[in-house]
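For reference, the structure is listed below as structure tokens.
Just so you know, all these numbers are worked out from the coordinates, no wet-lab data involved. Predicted, not measured: the structure shown is a model, and the values here were computed from it. In this analysis, Cβ positions are derived from the backbone assuming ideal geometry, glycine residues included, and neighbour counts consider all displayed protein chains.
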Amino acid sequence: MNITVVGAGYVGLVTGVSLADIGHCVTCVDVNKDKIAKLKVGLSPIHEPGLESLMQKNIDENRLSFTSSLKECLKDTDIVYIAVGTPQNKDGTANLSFIEIVAEDIALNISKDIVIVTKSTVPVGTNEYIGGLIKAKTPKDISFDIVSNPEFLREGSAISDTFNGDRIVIGAENDKAASIIEQVNKPFGVPIFKTDIRSAEMIKYASNAFLATKISFINEISTICEKLGANVDDVAKGMGKDKRVGNQFLNAGIGYGGSCFPKDTNALVQIAGGVEHDFNLLKAVINVNNNQQALLVDKARQRLGSLEGKRIALLGLAFKPNTDDMREAASIVISTGLLQEGSEVIAYDPIANENAKHVLSNEVQFANSISEALTEVNLALIITEWREIIEMDFNNVRRLMIEPIIIDGRNCFSLDMVKDKGIEYHSVGRPAVIGETVLI
Ligand SMILES: NC(=O)c1ccc[n+]([C@@H]2O[C@H](COP(=O)([O-])OP(=O)(O)OC[C@H]3O[C@@H](n4cnc5c(N)ncnc54)[C@H](O)[C@@H]3O)[C@@H](O)[C@H]2O)c1
Ligand SMILES: O=c1ccn([C@@H]2O[C@H](COP(=O)(O)OP(=O)(O)O[C@H]3O[C@H](CO)[C@@H](O)[C@H](O)[C@H]3O)[C@@H](O)[C@H]2O)c(=O)[nH]1
């Protein structure tokens, strides 16, 4: 099939590359000309494990190309995927302006029958809405179908998730369109779930909201564990042995960030509000997460007293490991909180330093290595569980820091692991360790 993917961001690029790899002829379109220029020479604008090499392979095999002209693509494409952003408006609703621009662009340039597939996360009813927008401007002799095909990949493991997903959801208004998109996806070998468009749109929001709920739930449990001397990691392990609970997404820590959970939970509260349902449970999930992101600043203050003039290292800045994405990263809230209290902040991320420089305050200092970040600091906060951070040398912690105190927002180490390292270690929902003593 000839496929056009509009929007070459985290989702669009991974989708385009993966569809090319299973044999389709794919063109990715983006309005960002710098991005297209990079992509044309085989360079990925984002850090995503395995993406660049798969992209190069498919460019070399003539199945993948890049352009900034959607009009050109529409001349001979069979399917158009929409994968542009749907960021959050100030009131929490999803901003559909990028989707509307693409819909208008398709309507003005459509020249043959096509299937339009929405990959972007959009509120229930949006596919019908954009279908209407396109229909109003499309010549009468041309027909199109709209399919909702929400995306479930995680950043940092996007390629692997695409080839090994739990399901592909296809929401269509007729069997013909559903079966075309089913055939397109068949080579992935991932189970396909077909439904109507509105249900497909809701599956995406409900899935993200449920996963966010698991995270806020375990974080609430972690706060209680900490007060009672229990270990939240063991509690989560014990809970997860029950298949009805499941053992995933029960990692306590400084909460969820990223480009999806924060905006999609807020959007779902607004979607519910739109039909006069007050989604109290989800509002509580969001509140818990907001508090959780600020937790390390409170813990730092409790440990050091005043934070004024204290030098504090942030280890890891991206919202999760294996990505350079800084959207809604906890490091933003934490660095702002520390600066407000008069601390000096020295930040380090193995990959996201450059992106972080555009997002964090210009008062934040950047280090080029863990050792540089730890030098002469009063305290180190672990924000992101990068492998390099999990494998850091505790000798450096003792040797370089003013006092070897770590507050770990991601529970990177078991308490046994840190017991003989000669450091003071605080984490989330677990007893502190000072030297060889676990403080229950
Ligand atoms: N990032 C994720 O992990 C993820 C996972 C699942 C679903 N989603 C959803 O997928 C959508 C895209 O997310 P993303 O993270 O890939 O966004 P992104 O910001 O990384 O990429 C969007 C791209 O669209 C381009 N664009 C904007 N308007 C355009 C236009 N008119 N024509 C062509 N290109 C245009 C932008 O330049 C940008 O490169 C969102 O709705 C998001 O909620 C994201
Ligand atoms: O037990 C956990 C699991 C995750 N997180 C945090 O939750 C956030 C999101 O992590 P993750 O879900 O792994 O990454 P995303 O790339 O944001 O992926 C989510 O959001 C995407 C966009 O909608 C969906 O496609 C994915 O299915 C969904 O997992 C990160 O800050 C994690 O640190 C926790 O705090 N505890």
* For the range 403-413, in order, what is each residue's ³J(HN,Hα) by Karplus, 6.51 cos²θ - 1.76 cosθ + 1.60 with θ = phi - 60°, in whole Hz (x at glycine and Pro)? -> 10, x, 10, 10, 10, 9, x, 10, 6, 5, 10
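Taking the Cα centre of the chain as origin, sum charge times position over the Cβ atoms of Lys and Arg (+1) and Asp and Glu (-1), and report the length of that vector in debye to the nearest 20.
Working: 44 positive and 57 negative charges, 75 e Å.
Dipole size: approximately 360 debye.
With 30 Å as the limit, write out which pairs from 90/214; 57/214; 35/263; 320/421; 283/320 have Cα-Cα distances beyond it, or answer none. Display every interim value, and only then the final one.
Values: 90/214 26 Å; 57/214 38 Å; 35/263 24 Å; 320/421 26 Å; 283/320 23 Å.
The pairs that break the limit, which is 30 Å between Cα atoms, are 57/214.
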* Karplus couplings for the range 379-387 from phi (6.51 cos²θ - 1.76 cosθ + 1.60, θ = phi - 60°), rounded to Hz, Gly and Pro as x? -> 7, 10, 10, 8, 9, 10, 8, 4, 3
* Going toward the positive end of the dipole of the range 220-286, with +1 on Lys and Arg Cβ and -1 on Asp and Glu Cβ, which of 268, 279, 221 do you reach last? -> 221
* Asked: Does anyone have the angle between helix 261-274 and the longest principal axis of the chain? Alpha-carbon axes, 0 to 90°, nearest 10?
  -> 60 degrees
* To do: With label points built 7 Å along Cα→Cβ from the Cα atoms of residue 40 and residue 90, find their separation and express it in nm.
  => 3.9 nm
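Loop only per DSSP, at most 12 neighbouring Cβ atoms within 10 Å: give me the GluC sites (Glu not before Pro) in the range 32-89, ordered by residue number. Spell out each step's value before the answer.
Numbers: sites: 52, 61, 72; in loops: 61.
When the GluC sites (Glu not before Pro) of the range 32-89 are filtered for loop state and at most 12 Cβ neighbours within 10 Å, 61 remain.
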* To do: May I ask you to sort 343, 306 by Cβ crowding, counting other Cβ atoms within 10 Å and putting the fewest first?
  => 306, 343
* How far is helix 330-340 tilted off the main Cα axis of the chain, in degrees rounded to 10, range 0 to 90? -> 50 degrees
* Asked: Would you list 410, 311 from fewest to most Cβ contacts within 10 Å?
  -> 311, 410
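Under a Cβ-Cβ cut-off of 12 Å, what is the net charge of the residues other than residue 291 that fall near it, where Lys and Arg count +1 and Asp and Glu count -1?
Numbers: positive: none; negative: 220, 298.
Residues close to residue 291 contribute a combined charge of -2.
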* Which angle between 0 and 90 degrees, to the nearest 10, do you get for helix 126-137 versus the longest principal axis of the chain when only C-alpha atoms count? -> 40 degrees
* Among the lysines, which fall within straight-line cross-link reach of residue 137, defined as a Cα-Cα distance under 25 Å, with same-chain neighbours fewer than 8 residues apart omitted? -> 71, 75, 112, 119, 176
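For the range 204-291, just run the numbers: alpha carbon Rg, then divide by 2.2 N^0.38 Å, N being how many residues it has. Mind dumping the intermediate values first?
On the way: Rg = 13.8 Å, N = 88, 2.2 N^0.38 = 12.1 Å.
Relative to the 2.2 N^0.38 Å estimate, the range 204-291 comes out at 1.14.
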* What number, rounded to the nearest 500 deg cm²/dmol, is the helix-based mean residue ellipticity at 222 nm of the chain, given -39500 (n - 2.57) per DSSP H run of at least four residues and division by all its residues? -> -13000 deg cm²/dmol
* Asked: Using the Karplus equation 6.51 cos²θ - 1.76 cosθ + 1.60 (θ = phi - 60°), what ³J(HN,Hα) coupling, rounded to whole Hz, does each residue of the range 66-81 give in order, writing x for Gly and Pro?
  -> 9, 7, 10, 10, 5, 4, 4, 5, 5, 5, 9, 9, 8, 9, 10, 8
* **Per-bin percent of Cα-Cα distances, the chain [10 Å]** => 4, 20, 28, 24, 15, 7, 2, 0
* Asked: Which of the trypsin sites (Lys or Arg not before Pro) found in the range 163-256 are in a DSSP loop and have at most 16 neighbouring Cβ atoms, other than their own, within 10 Å?
  -> 167, 241, 243, 244
* Structure fact -> Between residue 66 and residues 5 or more places away or on another chain, the pairs with built amide H atoms under 5 Å apart involve 28
* To do: Could you work out how far apart the two model spin labels at residue 198 and residue 61 are, taking each label as a point 7 Å from the Cα in the direction of the beta carbon, and quote it in nm?
  => 4.2 nm
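Per the Kirkwood definition applied to all pairs of different Cα atoms, how many angstroms is the hydrodynamic radius of the range 75-181? If you can, show how the numbers build up before the last one.
On the way: mean 1/r = 0.0674 Å⁻¹.
Computed over the range 75-181, the radius equals 14.8 Å.
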* Sequence-distant lysines (8 or more away, or on other chains) whose Cα lies within less than 24 Å of residue 419 -> 227, 237, 299
